[in-house]
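Colleague: Have a look at this one.
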Amino acid sequence: MLKGKHIIVGITGGIAAFKIATLVRLLIKRGAEVQVVMTPNAKEFITPVTLSALTGKPVVSEFFTANTGEWHSHVDLGLWADALVIAPATASTIGKMANGIADNMLVTTYLSAKAPVFIAPAMDLDMMAHPSTVRNIDLLRSYGNHIIEPAEGELASHLIGKGRMEEPENIVKVLDEFFSSSRPLSGKKILVTAGPTYERIDPVRFIGNFSTGKMGYALADAAARAGAEVTVISGPVSVSPSERSVKVIGVESACQMAKECERLFPETDIAIMCAAVADYAPAEFHETKMKRESRDTVTLELKRNPDIAATLGSMKKMNQKLVGFALETDHEDENALKKLHSKNLDMIVLNSLAVPGAGFATDTNKVTVFKADSSKIELPLMSKKDTAENIIRLLS
Ligand code: PMT
């Protein structure tokens, strides 16, 4: 589960820092890429040379390198990380993290990071039990950080009690369990189509629809959070993915979307067709702007576009899953089931324009999911983000 993961190990000035060489070695053995960030005090307990030799990367401790003036961006580091592990975490660093006191490289990196954070406190038993430490740890927990509780035992002071940093093997186990339980789609490649397609009439006009891409991008983000490698093939939209790992391929027309889908589908485990694809395009493209006619009506001849979902349905192998959407205004269940079977889908997500808060452009959706055996799951009205989480959970 840790293979290929970018892990920042943040070391603070506690006696347990000597155990971090083992932690780093175990993470690297499991295929993780490790970057060590140390507070100035941590260097009193373990040398940066040991850690950079183990990780193959210079340890970061200051905001810039004094002799070259090279700036170390805590923002870039924070964005690089899939997880941050602060071990050992002293009472002082815990207090700074809880209260946003960003006076060193480690705390600024923590404040910039979007990745999950794991904190392994280590200190004397009375410091651990002090109300300020207890309050700061509660605060950190309330921000969504994961506290790896210290064990009881003999401490550096020779007193016996709670405050020993959890052993490196157990810290690795916590990370392993986190990535395996929260990332059920790890190793899977997911393709999502999103947004509308534009079918050009002439250089200034097109046939389109009201899709904003919100539903498709919410699905892409949810799949990425579940650990999948996600590519969105997107029509023209102004939204973008929140998850940095999501790759976007922009297209304009149904034919361009079809071409990209057919190219990527053979390498895909699950394809989710959420785009509102135009069923028809102008039969002819006018190279120059069509002039305003003196007649009151104009007739445009339209030709049928490829049905992307149906094409992928015909290409589908046993180990692949294909999910469609159905946007209906009437006879909803009947029409959705017809599409599920005729396009050889494994699942179809029905949303109806007749339901307030569902469909195009809203931040919410209300969907009914039909599986290939026609079983039906109705989800209540909820945000598109939560709708996406539920759909992805059904695919995990
Ligand atoms: O983008 P938002 O503003 O958030 O709105 C979300 C949404 C309403 C667009 C989305 O939830 C949705 O319903 N998407 C599918 C819209 C649609 O085109 O439905 P359909 O019933 O016409 O098509 C059925 C399925 O076939 C869909 O999976 C569609 O992607 C696919 N299709 C349709 C036509 C075509 N030529 N090729 C296709 O692949």
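The values are calculated or read from the model by the stated rules, or taken from the named source; none is laboratory data. Small disclaimer: the values here were computed from a predicted structure and weren't measured. Cβ: placed from backbone, ideal geometry, glycine included. Neighbour counts: every protein chain shown. Accessible surface is based on the protein model in full, side chains and every heavy atom, while ligands, DNA and RNA are left aside. Shrake-Rupley method; radii C 1.70, N 1.55, O 1.52, S 1.80 Å.
Colleague: Please pick out the residue among G324, G359 that is within 20 Å of A220 (Cα to Cα), free of Cβ contacts under 8 Å to residues at least 60 places away in the same chain, of a type outside the set (S, T, N, Q) and assigned to a loop (DSSP other than H, G, I, E, B).
Modeller: Among G324, G359, only G359 is within 20 Å of A220 (Cα to Cα), free of Cβ contacts under 8 Å to residues at least 60 places away in the same chain, of a type outside the set (S, T, N, Q) and assigned to a loop (DSSP other than H, G, I, E, B).
Colleague: So how many residues does the stretch 223-259 have that are within 12 Å of the ligand (Cβ to nearest atom) and in contact with a strand residue (DSSP E or B) (Cβ under 9 Å, 6 or more places away or on another chain)?
Modeller: So the answer is 11.
Here is a yes/no grid of residues against (1) under 26 Å from M347 (Cβ atoms); (2) free of Cβ contacts under 8 Å to residues at least 12 places away in the same chain; (3) over 38 Å from the mean Cα position of the chain (by Cα):
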position	(1), (2), (3)
S245	yes, no, no
E267	yes, no, no
P282	no, no, no
K291	no, yes, yes
R295	no, yes, yes
L312	yes, no, no
Q320	yes, no, no
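Colleague: Working only within the stretch 135-192, note down all residues that are among the aliphatic types (A, V, I, L, M) and within 30 Å of G250 (Cα to Cα).
Modeller: L185, I190, L191, V192 - these are the residues of the stretch 135-192 that are among the aliphatic types (A, V, I, L, M) and within 30 Å of G250 (Cα to Cα).
Colleague: Before we move on, is V49 farther than 23 Å from L175 by Cα, free of Cβ contacts under 8 Å to residues at least 24 places away in the same chain and aliphatic (A, V, I, L, M)?
Modeller: When the stated conditions are applied, V49 passes them.
Colleague: Let me ask something else. Can you name every residue in the stretch 373-387 that is assigned to a helix (DSSP H, G or I), open to solvent by 50 Å² or more (accessible area, probe 1.4 Å) and in contact (Cβ under 8 Å) with a residue 12 or more places away in the chain?
Modeller: K385
Colleague: Now, a different point. Hey, could you check the stretch 93-133 for residues that are over 20 Å from I11 (Cβ atoms) and touching a helix residue (DSSP H, G or I) at 6+ places or on another chain (Cβ under 8 Å) and say which is most open to solvent (accessible area, probe 1.4 Å)?
Modeller: K114
Colleague: Out of all the residues in the stretch 207-239, which are under 20 Å from C261 (Cβ atoms) and aromatic (F, W, Y)?
Modeller: Y217
Colleague: Going by the structure shown, is K321 more than 9 Å from the ligand (Cβ to nearest atom), open to solvent by 60 Å² or more (accessible area, probe 1.4 Å), in contact with a strand residue (DSSP E or B) (Cβ under 6 Å, 6 or more places away or on another chain) and of a type in the set (K, R)?
Modeller: Spelling it out, K321 is indeed more than 9 Å from the ligand (Cβ to nearest atom), open to solvent by 60 Å² or more (accessible area, probe 1.4 Å), in contact with a strand residue (DSSP E or B) (Cβ under 6 Å, 6 or more places away or on another chain) and of a type in the set (K, R).
Colleague: I need a count of the residues in the stretch 331-356 that are under 21 Å from M315 (Cα atoms), open to solvent by 60 Å² or more (accessible area, probe 1.4 Å) and in a loop (DSSP other than H, G, I, E, B).
Modeller: Of the residues in that region, 1 qualify.
Colleague: A further question follows. Which of the residues spanning the stretch 55-86 are within 23 Å of F18 (Cα to Cα) and in contact with a Phe, Trp or Tyr (Cβ under 8 Å, 6 or more places away or on another chain)?
Modeller: Passing the criteria: A83, L84, V85, I86.
Colleague: Pick from A42, A32, A17: which is in contact (Cβ under 8 Å) with a residue 24 or more places away in the chain and farther than 19 Å from M105 by Cβ?
Modeller: The conditions single out A32.
Colleague: Please go through the stretch 88-118 and pick out each residue that is among the small types (G, A, S) and in a loop (DSSP other than H, G, I, E, B).
Modeller: Hits for the stretch 88-118 are G100, A102, A113, A115.
Colleague: Also: Taking the conditions exactly as written (surrounded by fewer than 21 Cβ atoms within 10 Å (Cβ to Cβ), among the charged types (D, E, K, R) and either within 10 Å of the ligand (Cβ to nearest atom) or under 25 Å from the mean Cα position of the chain (by Cα) (or both)), does E328 satisfy them or not?
Modeller: The answer is yes for E328.
Colleague: Any chance the stretch 264-274 includes a residue that's open to solvent by 90 Å² or more (accessible area, probe 1.4 Å), more than 8 Å from the ligand (Cβ to nearest atom), among the polar types (S, T, N, Q) and out of contact with any Pro (no Cβ under 7 Å at 6 or more places or on another chain)?
Modeller: No: the stretch 264-274 contains no residue that is open to solvent by 90 Å² or more (accessible area, probe 1.4 Å), more than 8 Å from the ligand (Cβ to nearest atom), among the polar types (S, T, N, Q) and out of contact with any Pro (no Cβ under 7 Å at 6 or more places or on another chain).
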